[in-house]
Every structure is written in C-alpha cells, then in structure tokens.
Amino acid sequence: MPIREGKEMHRLMERLFPITRSITGEGVRQTLRILKEVVPELEIKAVKSGERCFDWVVPKEWKIDDAYLLEVETGKKVIDFKRNNLHVVNYSIGVDKTLTFDELREHLHYREDLPDAIPYVTSYYHPYWGFCLSYNQFKELNPNSTYRAVIKAKHFDGELNYGEIILKGETEDEILFSTYVCHPSLANDNLSGPVLAIYLAKWVKENLPNKRYTYRFVFIPETIGSICYISRNLEHLRKHVKAGYVLTCVGDEGDFSYLPSRYGNTLADKVALNLLNYDPLVGGKFKKYSYLDRGSDERQYCAPGVDLPVCLVMKSKFGEYKEYHTSLDNLEFVTPKGLQESFDFYRKLIKVLEHNRVYKTTVLCEPQMGRRGLYHKVSHSGRKGFVKLLMDFLAYADGTNDLVDIADILKVSAYELIEAAKILEKHNLIEIKK
Ligand code: ZN
C-alpha cells in the first residue's frame, strides 16, 4: 500500500508540533489556521470566556511568553520552556519566585520509570504553577542550591476556539468526525487526530462529489470543547448524526484498537467492527476495549441524554503505550506508515457508510447468472470465488439486511462487498429498499 497521504500528514505534523497549544489561546488559533490551509472550508469559531455550557464555564484564555528555572548560585537556566513546551505545566499561572530546593520540589513533575521523558501535566481547573522535567534532569539539580522559578504567563477573558468543516451531501444525515487540538508538542496523542481529520475532509471533498451523507469535522479542545460544542449543537446533532468517530492516537505503528460507544450497538460500531474483523488492512488483529476504558470526547458524545452514535478506532490506545503523555510521544513514534494505515481504514469506512443500503433481490429463486453474461465474464476475470460471493450476497438480500449485515454473515469486509453490490445492481438483480 503506498503511503502518499501518510507522508503528507507527517509533514503537516512537523509544522504543527512545535506550537504551544492548550485548551484556549493563540496556539489553538494558529493550529486551526494551518489546518485551514489544507481545507479552506474550515471555519474558526469562538465561545467567550465565562459562557456557560451545561455544568461547565468556558475558561479564560491562557498566554505564555516564556518560562525557565534558574539556579541562583550559578545563574544557569536548568529548565527552559523554549527548548520544550512540555517543561511547563500546561495552563500554569504566572510566577516569579526564589525558592529552596525543598520548596521547589512540590512544583516539579517527572517520571522515575521513564528517566529520559518529560511528562505532560496540566492544571486547567485548579490555579497552580509547575515545571515538568525528565528524571535525569531532576537528579542533576543540586539540593543545596536556591532556584528562581519564572513563568511569564497570564489568564484573561478571551475566547475558546474551535474549528468546524461541513461538507454537504445529498441528505441531511450526517457523519461526524471529532478531534481535539489542545495538546502541546505531543504527536500520537494528539496531533495525529487533527492531521488525519483534515486529510479525511480533503479526501471526502475531492473524491465524493455525489455523497449521500453530510460530513461534519470538528476540531475542539478536549472535554471543555466537546461540552461547549454539544451544548451549542445538541438538537441538530441528535437529529442528524448517524455515525461518528473521535479521532485520536491514529499515527503509531501498533495494532488497531477499538473502543465502543456506550452500548456498542450503533451504526458507527457496526461498520468499524466489520472492517476490523474482516478487512485485509486489519486482518482481525485489533484490541477491543470496553466503554469503561473511555477517556476522550466519547465521554461527552455518548453521555446519557446526548446519546450520539460515536465510537473510536485508534492505533495504540491513549494510556496504553509507554510514550503516552510524555516527550517520547514524538514525531518518531508517529510514522507516515502508521498514519497511512489509519487514513486507509477511515477512507474505507466512509465508502462503506456511503454504500450501506438495505438490498432486496428482484427475482424469485436464484437468477440465471450465465444468461446475463455475469458468470462467464466474472470467471474469465480470474477472480475465483466471486460468483459464489455474488450468489451469497443474493441469498441474504432479502430486504432486511444492509450491506454490513450481509458482509458480517459472509464474514467478509463490507468494503470488498461494495463491488458485488454494484454489479448486482447494474444487472437489476437487487434493488435498494432503503
Ligand atoms: Zn491526552
């Protein structure tokens, strides 16, 4: 499989990677502007600080200009935000203070189990400041020195921003893709999500001119963003979204992972599972999680009363790989190949959704395939077993099964069954019931 889009997505990630993102602020806007270069239909929206969204209030905007930790005795910067934006606890309050090592310690975060990694720590809803460093850096600090902690950051009334792309189809029924844009320099969780989302939007735009569904792509800060987005659009989403996916952790080379919607019984789950089980791209090699393992915006989309048909297909699941939420989740951990596999998966999934109709045979008993030149033509094309596939399709095209149901019964990829449906439809052997 060529990795053309995978390479382009990875290049886009290289541009986005250095930006200091958070749940609010310039980093999110800058990220959305760069994504908009790929798909100009992306609209950048704003919600004002202080606005209520269900049980939450939109937080203040965060601006950070610089941060460092200085060893007073030597005048040396021992930690410098300019070298890695993970060095500051995300959304930290501003500080300029001289402290003893013991006083400083409660503001330092490191991972003894990953001595080279800088952990990613946030403090959104509790005013706090802190630095993150590798355990190796921590061990270099002199316990007898004094330290000056400087974080040039401020919080102010501003906006929470998000991006939205709507690509209209023939019907108002919608497919939703939601991803988040709030992590700083972290690759799989989470830049792989927005990069895949924007390339899927581009692909839908360029390859599906007569699409049945309307496609909605949403780029939000995680949690508060999805809560705001749902609170603004709940009625519309409930009425129109037929299937949706949260895109995150889609760029590494690990096996696919599946996390179901709350009850795992939606169209989104059904299509995802068919491809995971039967499509050669996955070959049935995937890890199945429970909704109890949830952790991203599916928590909001699948909440009681919201009840949207949203699930996740990832590569290595958030929280389940050692690089997760550390500086090791970088541009080497995410690869063009890993991104391409996810792109190909979702491209197939979209095609299946577009062709997922309920079919019914038009003739009683088996049709005579030879008379239609079908048997002859097909067997000469060298695809053994294809006639059997057509006959099996017809056997279950009884007006109750959709394409994915039939594919599941036949234990084949629904993507690979699209061609069979097209051939049968062309020869008037099946008709679309709905
Ligand atoms: Zn995360």
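Only the coordinates and a few stated rules stand behind these numbers; no lab work does. Quantities reported herein were computed from a predicted structural model and do not represent experimental measurements. Counting neighbours? That spans all protein chains shown, and the Cβs are built from the backbone with ideal geometry, glycine included.
By per-residue mean of other Cβ atoms within 10 Å, what is the highest-first order of 72-82, 412-422? Walk me through the numbers before you get to the answer.
Details: 72-82: 14.0, 412-422: 20.2.
Ranked from most to least packed, the peptides come out as 412-422, 72-82.
May I ask what percent, to the nearest 5, of DSSP beta bridges between residues of the chain are antiparallel? Intermediate values should be presented prior to the final figure.
Values: 43 of 63 bridges.
Around 70 percent antiparallel, to the nearest 5.
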Inset, instruction - For the stretch 116-236, go through all pairs of different Cα atoms, get the mean of 1/r, take its inverse, and jot down that Kirkwood value in Å. - result: 18.0
Inset, instruction - For Lys82, list the aspartates and glutamates whose Cα falls under 12 Å from its own Cα; do not include residues on the same chain fewer than 8 positions away. - result: Asp65, Asp66
Inset, instruction - Of the options Leu167, Met369, Tyr415, report the single residue whose Cα projects farthest towards the positive end of the charge dipole of the chain (beta-carbon charges: Lys, Arg +1; Asp, Glu -1). - result: Met369
Inset, instruction - Among Leu191, Leu32, rank each residue by its count of other Cβ atoms within 10 Å, from fewest to most, as a rough exposure measure. - result: Leu32, Leu191
Legend entry - Ranked list, fewest to most other Cβ atoms within 10 Å of each Cβ, for Glu320, Glu332: Glu332, Glu320
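Going by C-beta contacts inside 10 Å, put Leu133, Leu364, Leu389 in order with the fewest on the left. Walk me through the numbers on the way to the answer.
Values: Leu133 24, Leu364 6, Leu389 18.
The fewest-first ordering by Cβ neighbours comes to Leu364, Leu389, Leu133.
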Legend entry - Magnitude of the charge dipole, the stretch 61-156, Cβ model with Lys/Arg +1 and Asp/Glu -1, debye to 20: 260
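Could you tell me what fraction of 2.2 N^0.38 Å the Cα radius of gyration of the stretch 61-156 comes to, as a two-decimal ratio?
Normalised Rg, Cα atoms only: 1.00.
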Legend entry - Pair Lys82, Lys285: separation of 7 Å Cα→Cβ label points (nm): 4.6
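Is it possible to state the helix-based mean residue ellipticity at 222 nm for the chain, with each DSSP H run of 4+ residues giving -39500 (n - 2.57), the sum divided by total residues, to the nearest 500 deg cm²/dmol? What is it?
Details: 13 runs with 145 residues, N = 434.
That comes out to -10000 deg cm²/dmol.
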Inset, instruction - Considering the options Thr400, Thr326, Phe217, tell which one lies farthest towards the positive end of the dipole of the chain, charges being +1 on Lys and Arg and -1 on Asp and Glu at the Cβ, about the Cα centre. - result: Thr400
Legend entry - Charge sum, other residues only, whose C-beta stays under 14 Å from Asn274's C-beta, Lys/Arg counted +1 and Asp/Glu -1: -1
Legend entry - Solitary cysteines of the chain, where the nearest other Cys Cβ is not under 4.7 Å: Cys132, Cys182, Cys249, Cys302, Cys311, Cys365
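Over the chain, what relative contact order in percent results from Cα pairs under 8 Å that are six or more residues apart?
Numbers: 917 pairs, mean separation 74.2, N = 434.
Relative contact order, the chain: 17 percent.
How big is the charge dipole of the chain about its Cα centre, in debye rounded to the nearest 20, if each Lys and Arg gets +1 on its Cβ and each Asp and Glu gets -1 on its Cβ?
Numbers: 61 positive and 60 negative charges, 285 e Å.
Computed charge dipole of the chain: roughly 1360 debye.
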Inset, instruction - Could you tell me which of rounded, prolate or oblate describes the stretch 358-432, using a ≥ b ≥ c as the square roots of the eigenvalues of the alpha-carbon gyration tensor, with rounded for a/c under 1.5 and, failing that, prolate when a/b is larger than b/c and oblate otherwise? - result: oblate
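Placing unit charges on C-beta atoms (Lys and Arg positive, Asp and Glu negative, everything else neutral), compute the dipole magnitude of the stretch 301-422 about its Cα centre in debye, rounded to 20. Each step should come with its number before you reach the end.
Numbers: 17 positive and 16 negative charges, 148 e Å.
Using only the charged Cβ atoms, the result is roughly 700 debye.
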Inset, instruction - In vacuum, with every alpha carbon of the chain counted as one equal point scatterer, what does the Debye formula give for log10 I(q)/I(0) at q = 0.06, 0.10, 0.13 Å⁻¹? Two decimals, please. - result: -0.31, -0.74, -1.11
Legend entry - 25 °C / 0.890 mPa s Stokes-Einstein diffusion coefficient of the stretch 166-303, Kirkwood radius on C-alpha pairs, µm²/s: 156
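Take every Cα pair under 8 Å in the stretch 65-120 that's 6+ residues apart, average their separations, divide by the length, and report that relative contact order as a whole percent.
Numbers: 38 pairs, mean separation 13.3, N = 56.
Value for the stretch 65-120: 24 percent.
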